[in-house]
1. ILE95 passes all but one of (1) buried (at least 16 other Cβ atoms within 10 Å of the Cβ); (2) modelled with pLDDT under 95; which number fails?
2. Quick one: THR254 ticks every box in (1) at pLDDT below 95; (2) surrounded by fewer than 17 Cβ atoms within 10 Å (Cβ to Cβ); (3) not basic (Lys, Arg) except a single one, so which number is it?
3. Restricting to region 213-228, and then to whatever is hydrophobic (A, V, I, L, M, F, W, C) and without any contact (Cβ under 8 Å) to a residue 40 or more places away in the chain, can you tell me which residue is surrounded by the fewest Cβ atoms within 10 Å (Cβ to Cβ)?
4. Of all helices (runs of 4 or more DSSP H) completely enclosed by region 117-212, which ones contain at least 3 residues that are surrounded by fewer than 18 Cβ atoms within 10 Å (Cβ to Cβ)?
5. What number of residues in region 274-302 are in contact (Cβ under 8 Å) with a residue 60 or more places away in the chain and among the β-branched types (Val, Ile, Thr)?
6. In region 8-34, what residues are among the small types (Gly, Ala, Ser), part of a loop (DSSP other than H, G, I, E, B) and within 21 Å of ASP108 (Cα to Cα)?
7. For a quick check of your reading: which helices (runs of 4 or more DSSP H) sit entirely within region 245-313 and have at least 1 residues that are of a type in the set (Lys, Arg)?
Amino acid sequence: PAAFVKAEQALGYESRLITFSPNEFGFEEDLCLDLPWMNGRTFRAMRNVLSSASRRSQKGLKATASSGKVPLVWKPHFLEANLIAWRERLWRPKIEEALKRLDFFSFDIYQFDGGMDFYRQGEIAKALQERGKKIVCCYFGSDLRTRGVLSALDEISEINFTVEFDHLQLHPEIHYLFFPFDPWRFQPVERNNTRLRLFHSATNRRYKGSNHIIEIGHRLEEEFEVDFVFMENTSREQVLAAKQRSDIVIDQITNMGGVGYGISSLEALSMGIPVCTRLTPEYEAFIPDHPFVHVTPDTLYDELVALIRDPALRLHHGRHSREWVEAHHDARNIARHMHAMYKERGWEG
């Protein structure tokens, strides 16, 4: 979300961001409400116990998508609804004070990330609609998969966006956007490592297939004059510094979710580093010009050997990486696309 705001500001729009709680990864904030009972372990545990088991499972998600009954609609159990209502009563004074301080109702277009109002019954969105304001929803992560839409907001949202490719199968009226990113924070540099550096990082080994990646990395260290660097649950600053010094980045080899790459890969692409990852077949067909080295558990070793042995191949992938991320993921280009849609609807002059 912060990337959207900074891009719109760079294009001359007045744009502000309100977040419910501090970002756990340390990304930039604008107006952070720091609301209680948002992401604490106790609240998450209570919510998970009370929410539908099928809603939390991959099998449940696939069944929902294949049934044709999309979008999934959030329908809480009685106890879950009461828990959330209690939390919103606790939040209300802080929300009202922040909206007043921001002069919240003076803007023209409102984007609700995750399809989330400040209140689950869409109280603020309805108030905006009554004032003739334009309402947009943008979905990130797993909310549309696991929670579904909040019907009160979905019914009045005039445009829906998503940065998740599989969401196109989960909502009949949604537009795909490449994930907004600022590649200009990173600059490709010439790397003069006497030994090639292969890099992999993870916060969830199973999700990335890290154990197999580590095994292959150590094997390559023994067979070639290369260093394999693995970082786990390390600060963002340390990871970025280590990544910048690397010659090859391995993102993931699993197909456990998403399309095969995220912010970690975008950072490496922006640095002009070849990235090895596993793309879903559907998404690879959607982006045929992509710069990734596609890998699976069976092909990872051979693909890395090819990159290690061929400096020209690494250089080709590195240059293509930077060009591609600028063309597809630059947040300013994505913001321009969104505002072009707004102009088509007569929302802007």
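The values are calculated or read from the model by the stated rules, or taken from the named source; none is laboratory data. Just so it is clear, the structure is predicted and the values come from calculations on it, not from any experiment. Neighbour counts run over all protein chains shown; Cβ positions are idealised from the backbone, glycine included.
1. Unmet condition: (2).
2. It is condition (2) that THR254 fails.
3. Among those that are hydrophobic (A, V, I, L, M, F, W, C) and without any contact (Cβ under 8 Å) to a residue 40 or more places away in the chain, it is ILE214.
4. 123-130, 205-208
5. 1
6. GLY12, SER15
7. On the way: elements: 263-270, 281-286, 300-309.
So the answer is 300-309.
Listed here are the residues, each with its yes/no results for (1) under 24 Å from TYR139 (Cα atoms); (2) without any contact (Cβ under 8 Å) to a residue 24 or more places away in the chain; (3) in contact with a Phe, Trp or Tyr (Cβ under 7 Å, 6 or more places away or on another chain).
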| position | (1), (2), (3) |
| --- | --- |
| PHE230 | no, no, no |
| ASP247 | no, no, no |
| VAL259 | yes, no, yes |
| SER264 | yes, no, no |
